[in-house]
Amino acid sequence: MQPPPQPQGAMATGAAILTVPCSVGRRPKRSSQRRGSGSASLSVRASSDANTVTLLDYGAGNVRSVRNAIRHLGFGIRDVRSPEDILAADRLVFPGVGAFGSAMDVLNSTGMADALREYVQMDRPFLGICLGLQLLFDSSEENGPVSGLGVIPGVVRRFDSSKGLIVPHIGWNALEITKDTQLLQGADGHHVYFVHSYHALPSDANRDWISSICNYGDSFVSSISMGNIQAVQFHPEKSGDTGLSILKNFLSANSSGAKVPARRKASKLAKRVIACLDVRSNDNGDLVVTKGDQYDVRDHTSSKEVRNLGKPVDLASQYYIDGADEVSFLNITGFRDFPLGDLPMLEVLRCASEKVFVPLTVGGGIRDFTDANGRYYSSLEVASEYFRSGADKISIGSDAVYAAEAFLQTGVKTGKSSLEQISRVYGNQAVVVSIDPRRVYVNSPEDVPFKTVKVSSKGPSGEEYAWYQCTVSGGRDSRPIGAYELAKAVEELGAGEILLNCIDCDGQGCGFDIDLVKMVSDAVTIPVIASSGAGAVEHFSEVFEKTNASAALAAGIFHRKEVPILAVKEHLVDAGVEVRV
Ligand code: 1PR
C-alpha cells in the first residue's frame, strides 16, 4: 500500500517561543484569556503572517482540494508537523478526513489531540471541515463508540437508511442559519456541498454552539460557531462560489462576506447535474475529450479518427463556471492501459482541481496491476494516486463487476476487492461504481435468472420485458450479471454511489432509460446517477420526476454546446425540481 499523502508546504521559521497551559475545556475562553496563564506544557511559536494559514493534515486522506481553494483565494499554507505547530497557528484549518476512530487514534498518539483542545480553549481562530467538525464532539458511533475531542457536548450518529433514506448524504443541501456569524454571511439561501454518512445531533446541551442546521431525514448540525471557533459539516472547498466566500470569510478576518443574493432560496437537497468527460488519447497521442455513440468513439468516416471534442481541463473549467454540480473524468481506455503510467491524465486531474471547486470524480483502470518490470500495484495505490492528484471520488467499472460476480457466487466478502479496499480506507462516499449495461429483451421474466422490467417500449420482436446485462472493458465483453444484481451487490461491498450508464442510450439524445434508472434507484439506498441519452432539458425533469435518481449526467449535449447547463437548471426550477442555481 502506498503511504498516505504527505503534507506539503513549509513550516514557520524564526518564530518566538511562548508557553501555554495544557488543559481541556468544553467552551473556549474569550480571547482576553489567550496565551499565558496556568501550567506550562507545550511550546508555542508565534507567527504573524496574515496571509498564511496553518493546515492540519494528519495524512489520512486527500486534502488537496482544501489546499487548492486556500491558494486560489491568495493565501499561503503552513503545515502542522507537531503539536507545537498547532499552538503556534494564528489561523488553523482542520479538514478532517477518514474515519472518526482512526482520526482520533492519530491525533491522540501524536499529541495533537491535546494541542487542538488547548488551541480551541484559548479561542484562537479555528475552522474545522467535515470530520473536523465531528471530532469536536464528545463521541461518535462510527467504528465505536469512540471518544472525540470533547469540546462540544453531543454524539455523532450514522444517518438511518432503514426507512429508505439514501446514505451517504451526498450533494448540495440548504443551510438553515440559526445564528448570525461572519463565517456564513452571504451563504443564506444558497446550497452547499455535503458528503458524509455520519452527523452530529443537535441537542439542548449543544444549542449555543450551533450556527446552522440542515435537514436530511432529520435535522443535523451543519455548522457550529462560538467565539473564534467555527466548524462546518459541508465542504466549502467544493461548494463553488458560495463555499469559496465562506472560506474567505474565515481566512480574511475583515472579509464582509459575499452578499450575493440567491436566485432562488435553497430549501432541501438538490438534484445534481453532472458534466462527464470521456477522456482518451487520440491517434496522435494527444489526450482529448471524446464522445461515443453507444460507446463507439470513432468517426464514421474513412479516417475513423477518435472524435475530439476539446481539451479536458478547459472543458472541466468551463463546466464549473457554467454551474455543473460535479465534473467526472472517465479514462475510457484505462481498462487496457495502466493508469499510473498515464501521467497526462494525472496532470489533467491536478490542473482541473486547481480551477474546479465542485467535486471531481475520476474513473478508468482502477484494478490491481503488474507492470512490464514485474512491479505489482494494488488498486488501492492506483486510487490513492487519483486522490492525491485531486479526485474527490473514484469510479470503478470492470473490476467492480468481477468483484460482484465473485461475491454473488460465494456469498463471502473477502475484503480484498478493489471496491472493498478503497472504501475501507477512504470511506464509501469516495467510491462510485460505474455500470455499463446493455438492454436484452425477453418475452417473460421467467426466461432469465436476472431481474427484468416491463419495458415502456416493446422490443424488436414485440418483447415486453428486458434485463440489463452488465459489460466490462468499455462495453466490449458481456458478463453473466444484471444491472439490478450488480447494484445491490456493490452496495453491500461498500460502494457509496452508482453511476448508471446505458450503452443503448449513450449518445442517442433520446432521453435516459427510465425503466433502467427506476429499477436500480428503487433497489438501493445509495445515490444513483442517471447517465446516457440526455438530448434536451425535458429529459432531466423526466428522470427526476419518474425515478429516484439523485443526479443526472450528460456529456454530448454539453460538449457540442447544444444545451447549456444553465438552461437545464432553469428548466428544472420551472418544473419544481430543487437544484443549485
Ligand atoms: O472499466 O474501471 O476501466 O472504467 C472504465 C470507465 O470508462 C467506465 O466508467 C465506463 O463507463 C467508461 N467507458 C469505457 N468505454 C467507454 C466508451 O464510451 N467507449 N464511456 C466509456 C462511458 C458513458 C458515459 C457517457 C454517458 C453520457 N461513457 O460516460 O458520458 O453515456 O453520454 P451522453 O450524454 O452523450 O449520452 P474501468
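What to note about this one:
- Elements of type helices (runs of 4 or more DSSP H) contained in segment 85-172, each with 2 or more residues being under 30 Å from residue 432 (Cβ atoms), in the same structural domain as residue 206 (by the TED database) and in contact with a strand residue (DSSP E or B) (Cβ under 9 Å, 6 or more places away or on another chain): 100-110, 131-134
- One residue stands out among those in segment 132-163 that are of a type in the set (Ser, Thr, Tyr) and within 22 Å of the chain's Cα centre (by Cα): the one that is modelled with the lowest pLDDT, which is 161.
- If the condition is being surrounded by 19 or more Cβ atoms within 10 Å (Cβ to Cβ) and away from the ligand (no atom under 12 Å from the Cβ), then segment 549-581 contributes 549, 550, 551, 565, 569, 572, 578, 579, 580.
- Among residues of segment 405-421, those that are more than 21 Å from residue 381 (Cα to Cα), in a helix (DSSP H, G or I) and hydrophobic (A, V, I, L, M, F, W, C), counted: 3
- From the list 348, 313, the lone residue that is more than 14 Å from the ligand (Cβ to nearest atom), of a type in the set (Val, Ile, Thr) and buried (at least 23 other Cβ atoms within 10 Å of the Cβ) is 348.
- Search result, residues across segment 266-307 that are at pLDDT below 90, more than 13 Å from the ligand (Cβ to nearest atom) and not small (Gly, Ala, Ser): 282, 283, 284, 286, 287, 299, 300, 301, 304, 305
- Which listed residue is assigned to a helix (DSSP H, G or I) and either surrounded by fewer than 22 Cβ atoms within 10 Å (Cβ to Cβ) or in contact with a Leu (Cβ under 8 Å, 6 or more places away or on another chain) (or both), from 321, 224, 274: 321
- Filter result for residue 401 (assigned to a strand (DSSP E or B), crowded, with 22+ Cβ neighbours inside 10 Å and within 16 Å of the ligand (Cβ to nearest atom)): no
- Of the criteria (1) of a type in the set (Asp, Glu); (2) within 17 Å of residue 428 (Cβ to Cβ); (3) away from the ligand (no atom under 16 Å from the Cβ), which one residue 497 fails: (3)
- Any hit, segment 296-304, residues being outside any strand (DSSP E or B) and buried (at least 21 other Cβ atoms within 10 Å of the Cβ): yes
The values are calculated or read from the model by the stated rules, or taken from the named source; none is laboratory data. Keep in mind that what you see is a predicted model, and the values were worked out from it rather than measured. Glycine also receives a Cβ, built like all others from the backbone with ideal geometry; neighbour counts cover every protein chain displayed.
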